[in-house]
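The structure appears below as structure tokens.
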Amino acid sequence: LMSRARRWLGQNEEGEWYVPKVGTAGYRLHPDVRSAWDVWRELVTPDPASAETPDLIQAMHLVKGQPFNGVKERRFVWGHRIRTEMIAGIADAAHELAPRSLRAGAVPNARFAASVGRQIDPVNELAWRNAMRAEHLAGDMAAFERIVSQLHLQLDAIEDGLEPDEETQDLINSIRGRHAMAS
């Protein structure tokens with residue numbers, strides 16, 4: 001497979017293989033080979049709180065689902081640790097972007113960040129709360145209620161009758177209460 005990958009990736013302008021042979025140690029990728037994850041880490045930096053908002057938005061656009069989703073587990077044992085780190089990092093960055101966007105009144109960015117967070121880590125209620133806050137800020141109670149329903153479906157898939165944690169339920173009650181008072 002590495003031989004095929006070597007041929008598929010080919011050579012750079014200097015004639016160096018992107019997957020050069022390195023003797024008995026096997027193959028290594030040429031330093032010029034960069035993945036979306038490499039770009040993502042440069043945009044987000046080690047601490048998402050220090051990343052610029054446009055960089056966080058650009059990083060979120062690189063996310064196309066859970067890392068390595070659909071790869072057969074037996075072929076991916078080597079990557080469990082990196083997958084876990086990627087999910088945690090993306091979730092942290094999404095949670096940094098969503099509240100930052102909410103504070104700025106940038107509802108589309110908050111919705112987008114919350115969506116990425118829910119896609120990456122569907123059981124992380126921070127992402128669900130971010131989505132609820134975004135819909136509340138947008139004044140879209142129908143979308144808010146859809147998010148609440150989707151959360152309940154997600155929790156039921158884990159365990160029948162599982163309820164949101166206290167902070168999430170308090171937020172739901174608070175937003176519903178504010179809407180009822182405004183009506």
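The values are calculated or read from the model by the stated rules, or taken from the named source; none is laboratory data. Keep in mind it's a predicted model, so treat the numbers as computed, not measured. All Cβ positions, glycine included, derive from the backbone under ideal geometry; neighbour counts span all protein chains shown. Keep in mind that these areas ignore ligands, DNA and RNA; they rest on the heavy atoms of the full protein, side chains included. Shrake-Rupley method; radii C 1.70, N 1.55, O 1.52, S 1.80 Å.
Report the residue count in region 111-162 for those that are surrounded by fewer than 22 Cβ atoms within 10 Å (Cβ to Cβ), over 13 Å from residue 94 (Cα atoms) and of a type in the set (Asp, Glu).
The qualifying residues number 5.
Please enumerate the residues belonging to region 84-103 that are over 13 Å from the mean Cα position of the chain (by Cα) and without any contact (Cβ under 8 Å) to a residue 24 or more places away in the chain.
Selection gives 103 alone.
Count, please, the residues in region 13-44 that happen to be under 19 Å from the mean Cα position of the chain (by Cα) and modelled with pLDDT under 90.
1
Which ones in region 41-83 are of a type outside the set (Lys, Arg), without any contact (Cβ under 8 Å) to a residue 24 or more places away in the chain, assigned to a helix (DSSP H, G or I) and open to solvent by less than 70 Å² (accessible area, probe 1.4 Å)?
43, 55, 79, 82
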